[in-house]
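The values are calculated or read from the model by the stated rules, or taken from the named source; none is laboratory data. Worth saying up front: this structure is predicted, and the values here are computed from it rather than measured. All Cβ positions, glycine included, derive from the backbone under ideal geometry; neighbour counts span all protein chains shown. All accessible areas refer to the heavy atoms of the entire protein, side chains included, with ligands and DNA or RNA removed. Shrake-Rupley method; radii C 1.70, N 1.55, O 1.52, S 1.80 Å.
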Amino acid sequence: MSKPDQERLDRVVAEARRSREQREQQYRDRALKIYPWICGRCAREFTRENLHQLTVHHRDHNHDNNPSDGSNWELLCLYCHDNEHSRYLDSAEGSQPSEEAPRATYQPFAGLESMLKRKT
Ligand SMILES: [Zn+2]
Ligand SMILES: [Zn+2]
């Protein structure tokens, strides 16, 4: 039966996840020491209370590229980090014929302008 194999697989996966989390914790700690706690896009400032919303972005999108001088890191808030990655995907898929497809970009304030116009 495959049960022992499954257990071994589970353990390998758990170990891989743990070492990845450890590595992420390491470069995150390092990045937070090098850089001020400010989002590189929207300039939102962070404190110890909301620091978990500040994330480390890899400029070249390679999470294995972690030079200790921090040159591949950028501190971004969760929202700007999401944006950054969807933009990266957009440009990577730019050659596909997608003129008719609606853009998947999340626009939280898309309806706000027309709402404001309606009121005045
Ligand atoms: Zn931001
Ligand atoms: Zn990123």
Legend entry - Among the residues listed as 11, 41, the single one being within 12 Å of ligand 2 (Cβ to nearest atom), open to solvent by 70 Å² or more (accessible area, probe 1.4 Å) and at pLDDT 95 or above: 41
Legend entry - Hits in the stretch 47-60 - residues which are within 20 Å of residue 25 (Cβ to Cβ), outside any helix (DSSP H, G or I) and more than 11 Å from ligand 1 (Cβ to nearest atom): 47, 48, 49, 50, 56, 58, 59
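Could you tell me which residue of the stretch 44-58 is nearest to ligand 2 (Cβ to nearest atom), considering only residues that are of a type in the set (A, V, I, L, M, F, W, C) and closer than 22 Å to residue 23 by Cα? So that I can check it myself, show each step before the final result.
The first filter runs over the stretch 44-58 and keeps only residues of a type in the set (A, V, I, L, M, F, W, C), leaving 46, 51, 54, 56.
If we keep only those that are closer than 22 Å to residue 23 by Cα as well, we get 51, 54, 56.
Details: 51: 17, 54: 12, 56: 7 Å.
Within the stretch 44-58, the match that is nearest to ligand 2 (Cβ to nearest atom) is 56.
Taking the options 69, 82, 29, name whichever one is in a loop (DSSP other than H, G, I, E, B) and among the charged types (D, E, K, R).
Working: 82 fails: in a loop (DSSP other than H, G, I, E, B); 29 fails: in a loop (DSSP other than H, G, I, E, B).
Among 69, 82, 29, only 69 is in a loop (DSSP other than H, G, I, E, B) and among the charged types (D, E, K, R).
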Legend entry - Within the stretch 45-71, considering residues that are within 16 Å of the chain's Cα centre (by Cα) and open to solvent by 50 Å² or more (accessible area, probe 1.4 Å), the one farthest from residue 85 (Cα to Cα): 52
